[in-house]
Structure formats: C-alpha cells, structure tokens
Amino acid sequence: MKRQFDGPVVDDLQTEVKTSINALLANHKFVPGAKIGIAVGSRGIASLATSIKAIVLEVRNSGFKPFLIPAMGSHGGATPAGQRQILQNLGINFSELNMECLAEMSTSVIGTTSDDVPVHFAQTAMGMDGLLICNRIKPHTRFTGNVQSGLLKMMTVGLGKENGAATYHRAERELEFDNLIREAAGIIIEKTPIIGGIALIENQSKQIAELISVPAHEMIDREPALLKRASELVPRLPLQKIDLLIVDEIGKEVSGTGMDTNVVGRKFNDHVSHPQDWCQTSLIYIRGLTCATAGNATGIGMAEFTNPEAVAQVDWVKTRINSITAGHPTAAMCPVILDDDKAVIEAAMQIAGENLQILHIRNTAQLNEVYVSQSGLEELQQLEPSCISSSCDNYCGEYLHGF
C-alpha cells in the first residue's frame, strides 16, 4: 500500500540555510579567516549533505574558514577513520567541499554538573573560534522528557566523543537525562565558542519541514518547543496491532537504535510494547543492514528474528562498542537466526497463530510504501481509509511459496 502524508516542507533549503547562518554569524565579531567548526552527527537526516554544503559555503563566503567536526559520540567504532567514513557514507564529500574533517577523539573536561558528572568536550572543537551545531530535532529512541534528540544532545553526547557519551549514558541510569543534558549544555555554552545551532525538523515523508536558527543563548529554552513540534510530525505505522513486523534494513543513519523505537513500539522495552507506544508489536524480523551503517548493527538485539545474510553484514566490534557506550548492551544481542523468510513466517505462526497480522517495511524512515497482510486490512481501513492498498490476498501463503 502507498500512503499519503500531508505535511509542511522547506522549498528552498539553500536560501533558508543562508539566511539562518547569516543571522547566527551577525551576533559575533570574528576576524577574517576565523576557524568555524561545523558539528555533524551520524544520522541520515533528510537533505543533510545539501544542508552541510550550504552551511560550508555561507561560512566561507562570510570570510571564515570552515571545518567539519564529527559529533557522534562512540559511533564509527570510536575511531577518527570510522567517523570520517560515516560522514562520507552520508554523502558529505570532504574533497568536494575542499575542507578538513577534524575527527580526533580526545576530549577535555571543561566542568562538572551539580551531580559531579564531568562534562567532556572535543579538543578539536575547543580549538575553533566559533562552533555551529547542525542536527535534527526528534523524539529519542529511549529517553523521555522535554529534551531528547537535538542540538543539546549533539553538544553534550556527540561532541563529548566516546568519553562523554559513556559518561552521560552511565550517569543517566541514576539521573534524569533531560536535566543532565540541560545542565551540561549550559556549561558548554558558557565555556566553549558555541555560536548557535541549525535545528532541522523532518516531516512524515522524510523531507525538511522546518529549518530554525537558534542562537547559543536561546538553545536550552527553545529546544522543548522544537521537540513538541517535531513529535507532531513523527511518522507512524499504519497498524496498531502487529503480530510480525518485517524490517528490510536497520542502520545508525536511520536511527540511533537502528530502527526507530518510537515507530516500531519498543521505546520502553526491547521486546515488549508498552501501553504508551503507538503500536503493539509482538515480533520483529530484521532482514539486513544499510550500507551506510558500515556494519554497526546496534538495535538488532531488539528483534526476535534475523537471517544469515544480515548476521554476515554485522561488524560486532563496532556494534559492541556503540551499544556498551550507550548503556544499552541488549541492543547488540543476536536474535534467533533462521534460514529464510519462510522459516521466520513459520516460526511466527507457531507463536502467534496462523492468521498473522503482518506489516513489512523497508526501514523506519521510509514509511510511504508498506506491505500489509490481508488480516490487517480491516484495521487499516479504520486508521487510514484514504491509503491505496496493494496488499497480498494471502501474505503468509505468498511467503511460504517463495514470495
């Protein structure tokens, strides 16, 4: 079935970026040739490469020298080469941009929170005259609260590199993530050359719905409202009761947990949907990894089933490092491995019965086209009556006969 999402979209991204960067730079007096760091994460954000290129060009046109700084905690195996590769996999071409990517992992402790949590910050970022943060605002895959994924998290966890990411994730086992990140961000804004941020909000069709420039002194106060707006535009699966969710690919550029837990109904527990989740998903089957994730299969442990092809794609070292640093070791566990789709369907039928309500998606960021089993059509017609249905009459039967 194909789904139609109605949502806002930024028509002229380059003009929006130019206006935003000029507004942020206008608040600071930098000398010609000043070094301006541009912090970029590991997510596959809509039009990310286009946005970064526009930021780089505007910084350069303003007479300053731009540098890319990976702000992705322990991703890429917690190595400079791995983090550079992630940015290249996301379409950010250093040669084309004619600029350096400063991916060193060393950090300095620039302060401590009121709960004695050390605030780590990348030394390469400290060496800049100014810093711009570019990130997407969205609900986090595990944390709740008024601050989740966005500019503040990138400043703290992302630019904290592996040391900072491990510190914050360890601390959040006892402290509220929301308060921890706000306080750490306040220390960073006070003691580092943060200029401000470019906040990106996506619509349900994976397009930039809004682009907002946020000066450094407004970041902490404004992010909750931006999160609320982003939450309104999160895409949902078309069914609320799912016996088996089939996911063709997971990856770090898709979501921090490989597949967005806000979408699949696993935010509060890896293997049991919570009443607060949008949908109740009994079983998940992961068929493979994205190319851009470069073997990092964080999140595979939230599925019940996978296949030999997916397992062969996994870099278990990268996956282990990322999952342990994030304090989420179960995300790196291996699901039950079955030979093929047919074997998974048969196993699911043994668990949930023959009349399975199945939903099949490519990944959690691309939900405009999905497959729904015949048994899910009644619920589908109630929730999304305007969708164009192209579902199979007998989805399980098609799989069992080589679909």
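Points worth noting:
- Cα-projected label distance for Thr330 with Asp12, points at 7 Å along beta-carbon direction, nm: 5.0 nm
- Rel. contact order, % - alpha carbon contacts under 8 angstrom, at least six apart, the chain: 17 percent
- Cleavage-rule hits (trypsin sites (Lys or Arg not before Pro)) in region 2-59: DSSP loop, at most 11 neighbouring Cβ within 10 angstrom: Lys29
- Violating pairs (Cα-Cα greater than 32 angstrom) within the set Lys252/Lys342; Lys65/Lys228; Lys318/Lys342; Lys18/Lys153; Lys29/Lys318: Lys65/Lys228; Lys29/Lys318
- Summing Lys and Arg as +1 and Asp and Glu as -1 over all other residues whose Cβ lies under 10 Å from the Cβ of Arg136 gives a net charge of +1.
- Sequence ranges 5-11, 175-181, 240-246, ranked by mean other-Cβ count within 10 angstrom, highest first: 240-246, 175-181, 5-11
- Accessible surface calculations at 1.4 Å, restricted to protein heavy atoms, place the chain at 40 Å² per residue.
- Counting only protein heavy atoms and a probe of 1.4 Å, the accessible surface of the chain is 48% carbon and sulfur.
- Residue order for Thr112, Thr306 - accessible surface, 1.4 angstrom probe, largest first: Thr112, Thr306
- Simple spin-label estimate for Asp116 and Asn179 in nanometres, 7 Å along Cα-Cβ: 1.7 nm
- Centre separation in Å (Cα based) which lies between region 1-78 and region 181-257: 15 Å
- Label separation (Glu379 vs Thr144): 2.2 nm, computed from points 7 Å beyond Cα along the C-beta direction.
- Anisotropy class of region 94-237 from Cα gyration tensor, a/c 1.5 cut: oblate
- Gyration tensor (alpha-carbon) shape descriptor, region 218-283, a/c threshold 1.5: prolate
The values are calculated or read from the model by the stated rules, or taken from the named source; none is laboratory data. Only a predicted model underlies this, so the values are computations on that prediction, with no experimental measurement involved. When we count neighbours, we look across all protein chains shown, and the Cβ atoms used for this are built from the backbone with ideal geometry, even at glycine. What goes into the accessible areas is simple: the full protein's heavy atoms, side chains included, and nothing from ligands, DNA or RNA. Shrake-Rupley method; radii C 1.70, N 1.55, O 1.52, S 1.80 Å.
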